[in-house]
């Protein structure tokens, strides 16, 4: 087991800000969606931020050291979770903040691999430790977080059953499919395969598996792959799956794919705010019991 969770919250939230669909949202909802990181939008009971629920699940899964990667000019996270850079105590969690600085010549952050790399640079102790990485705008379950916390594999990722993700086909089509061998090791990640070839990627259970961007890594091994991650030719960003696949190419059978079948609520656009709010009302009917 390990105690370290990195939560990526330094993105530009471009899709959320550009989306003009009101979806019966209040003016407060719209203002927050247009000005705050997605994880800070108040979707829970009495306006609790979305991130509260992820932090709660992380605590229930056994994590204690939380590293939130925020934008270089962000002020909102520290208003809620602690003013200090390191070791703010929040409901039994120790919360620290890393910042994703934008390189000269760019107008937005350099991607998820760069985000994790900058976190490990600012907190060097993580370069020799195991840690989990996830998004701030997805609500991962206690089970998913616990499985990554407890796995004996040095590197792992959750492999979600497509059928259990409650998204429409158009949204599902944007996910990348995994190729997994009979021993549940990751072989490859395939982006947007042709529809008539999708069946080729069924796993040992006949399921199509996708990543929802939640991983476990060993910092000692993975740090160099983060540092040396190339820029994606189309998206012009350094992406975690690229660093992951480069490591896999050098060390086959080094990344365990842990199967799971459940929905993962996601805050991508304003249309998701109402859906997430309905999910929280159903799954968290009482106040969070930290």
Two pseudo-spin positions, 7 Å from Cα along C-beta at residue 24 and at residue 64, lie apart in nanometres by 4.4
Inter-part gap, Cα centre of the stretch 163-202 to Cα centre of the stretch 248-286, in whole angstrom, is 15
Among 48, 186, 148, the residue with the largest mean-square fluctuation in a Gaussian network model of the chain built from Cα contacts under 10 Å is 48
Most fluctuating of 273, 258, 89 in the GNM of the chain (C-alpha, under 10 Å) is 89
For residue 46 and residue 17, extending 7 Å from Cα along the Cα-Cβ vector and measuring point to point gives, in nm, a value of 3.1
Quick P(r) readout (the stretch 2-77; Cα-Cα; 5 Å bins; whole %) gives 3, 14, 22, 23, 18, 11, 6, 2, 0
Taking a label point 7 Å from the Cα of residue 187 along Cα-to-Cβ, the residues of the stretch 133-166 whose backbone nitrogen sits under 19 Å from it are 156-162
Over all directions, the stretch 151-290 yields a Cα convex hull whose mean projected area in nm² is 10.9
From DSSP H assignment alone, runs of 4+ in the chain each adding -39500 (n - 2.57), the sum over residues rounded to the nearest 500 puts [θ] at 222 nm at -8500 deg cm²/dmol
Percent relative contact order for the stretch 4-283, counting Cα pairs under 8 Å at least six residues apart, stands at 24
Share of Cα-Cα pairs in the chain beyond 26 Å, whole percent, is 43
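Starting from the Cα-Cα distance between residue 262 and residue 106, subtract it from 0.36 nm times their residue separation and give me the gain in nm to one decimal.
On the way: separation 156, 0.36 × 156 = 56.16 nm, distance 3.71 nm.
My answer for the length gained is 52.4 nm.
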If one builds a Gaussian network model of the chain from Cα atoms under 10 Å apart, the most fluctuating residue listed among 87, 168, 183 is 168
In terms of the alpha carbon gyration tensor, root eigenvalues a ≥ b ≥ c, rounded if a/c is under 1.5 and otherwise prolate when a/b exceeds b/c or oblate, the stretch 1-139 is oblate
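None of the figures in this text is laboratory data; all of them are computed from the coordinates on show. Every value quoted in this text rests on a predicted model; they were computed, and no experiment measured them. Backbone-built Cβ (ideal geometry, glycine too); neighbour counts: all protein chains shown.
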